[in-house]
Structures are given as structure tokens and as C-alpha cells.
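Engineer: To start, I am sharing the structure in question, which I have written as C-alpha cells.
The values are calculated or read from the model by the stated rules, or taken from the named source; none is laboratory data. What you are looking at is a predicted structure, and each value in this text was computed from that prediction instead of being measured. Neighbour counts run over all protein chains shown; Cβ positions are idealised from the backbone, glycine included.
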Amino acid sequence: MDDMDLKGFSGRVRLFPLPGVVMFPHVVAPLHIFEPRYRRMTADALEGDRLIATVGLTGGDGPTPPVEPVGCLGRIIHHERLADGRYNLLLLGRKRVRLVREILDPDRPYRVAEAVVIEDEPRSAPDGPEARRSLIQSFRQAIGAAAEIDDEFFRLLESAESLGALADIMAHSLPIHGAQKQRLLAEPDVHARVGLLLRWIAEMTPTLPLGRTFPPPFSSN
């Protein structure tokens, strides 16, 4: 994946808190933007670098509930502005980011933070065909027994540009708990991420409901 669209990244991110949703790099997600503050956020992003950071919530309520320290920096690759000011977006996950501190900006109704990009740490993980085949095979055995699988989805897995990208696509697609997905997002070590995936795939196999179509459809926000 080309990083040219992040070349001018300033280190300041627009925060889009998503309750119960964890987004990963290498994944495209549809979003429906309807709150006025996030309409403004979207308009600002489209006029600027087109970047938005999705972050999970850790609990609490109010106008600024606490968020997870690691989120996903995404780039708007398609947008549709509706007549009433709402937006439909396609957001491509680009990089993990660690939030350093939130910035008070009275000129913006949405939250902004300083953040640093977290790169994958692939040196501890063999990134050859055998490692990828092993992960895909485990995934196929777990899901295939319980679901009708779209062959195109496996072609997507096989075409992933790296073991880290493959792990992220799987992490996004697997029906595991949000806390598990957040742990995978926060883990920069590819070897550790793959190990967690293999363990959780093995644990979930006996409990998967039968007769499902996989992967499940993405939900809008």
C-alpha cells in the first residue's frame, strides 16, 4: 500500500469515536455521517488531507467520553454528500496511530488529538508464503465448517500485500469480541498478532453458529 497519501500527515488527527466498532488498516468501511459535529469534521477532512482517525470508546458518557489510546487512521476514498448535509463515506484504513494528547480547539465542534503513526514490527515474523498459507488454512478450517464462504473473500486474503495486512483483514472480519479486536489493533508486533489470531480462531471453532454467510455485511455508522 502506497504511503504517499500520508506524506503530508501533520501528526494532528480528527477523532471519530465509534462505540463497539474497531477499524483496521487495509480495510475499507462504509460510514454514514449524520451528527452536525461530524458533518463538520468530514467537510474539514475533504477540504484538507482527507484523513480521519477512528477510535473506540472505553466507557463513560457525556460530550467527550474517554477513548482507546490506539486508533486507526483512515483516508476518505469516496464520499457522497446528501441533500440534507449528511454524508456517506468509504474510509480506507491506513495506519495504526497512538494518541499522545487531545487538543482543545474552540473553533472545531469535534475532537482533535496529536498522534504518532505505529508501524508494523515484521522482523519477528516470517513473511513468506508458508506463514500466510498456514494462517489462511486455519481460518478456512474454522469458518468453513460453519458458514457459506464467499470465494472472493479468500482471493482477497491470498492477495494481501504482507502477513501484517493479512492479519488485519482477518481481525476485522472475524466474529470476535470488540475487546479482542482492540487488542489486535494495539499490537504492532506481527508475530504476536498472528499468534493471538491463531489462538482465538482455535477457541472459537466449536461455538460458531452454522448456516451463516461469511464474511458478514459491514454496518454503517
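Engineer: Kindly indicate the residue of segment 181-209 that is in contact with a strand residue (DSSP E or B) (Cβ under 8 Å, 6 or more places away or on another chain) and not in a helix (DSSP H, G or I) and also modelled with the lowest pLDDT among those meeting that condition.
Structural biologist: Leu208
Engineer: While we're looking at this one, here's another question. Return yes when Val112 is under 18 Å from His172 (Cβ atoms), modelled with pLDDT of 95 or more and among the β-branched types (Val, Ile, Thr) and no when it is not.
Structural biologist: So Val112 does not fit the description; no.
Engineer: Condition (residue is at pLDDT below 70, farther than 21 Å from Lys95 by Cα and under 16 Å from the mean Cα position of the chain (by Cα)) applied to segment 168-176: is it met by at least one residue?
Structural biologist: no
Engineer: Let me ask you something else. If we scan segment 121-131, do we find a residue that is under 16 Å from Met41 (Cβ atoms), among the charged types (D, E, K, R) and modelled with pLDDT of 80 or more?
Structural biologist: No, segment 121-131 contains no residue that is under 16 Å from Met41 (Cβ atoms), among the charged types (D, E, K, R) and modelled with pLDDT of 80 or more.
Engineer: Exposed (fewer than 14 other Cβ atoms within 10 Å of the Cβ) and among the aliphatic types (A, V, I, L, M), is that true of Ile52?
Structural biologist: Considered against the rule, which asks whether it is exposed (fewer than 14 other Cβ atoms within 10 Å of the Cβ) and among the aliphatic types (A, V, I, L, M), Ile52 comes out as no.
Engineer: On the given criteria, is Thr42 surrounded by fewer than 14 Cβ atoms within 10 Å (Cβ to Cβ) and over 18 Å from Gly164 (Cβ atoms)?
Structural biologist: Here the answer is no, as Thr42 does not meet what is asked.
Per-residue answers, yes or no, for (1) more than 14 Å from the chain's Cα centre (by Cα); (2) free of Cβ contacts under 8 Å to residues at least 24 places away in the same chain:
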| residue | (1), (2) |
| --- | --- |
| Phe9 | yes, no |
| Phe16 | no, no |
| Gly20 | no, no |
| Phe24 | no, no |
| Val27 | no, no |
| Gly60 | yes, yes |
| Cys72 | no, no |
| Ile77 | yes, no |
| Leu91 | no, no |
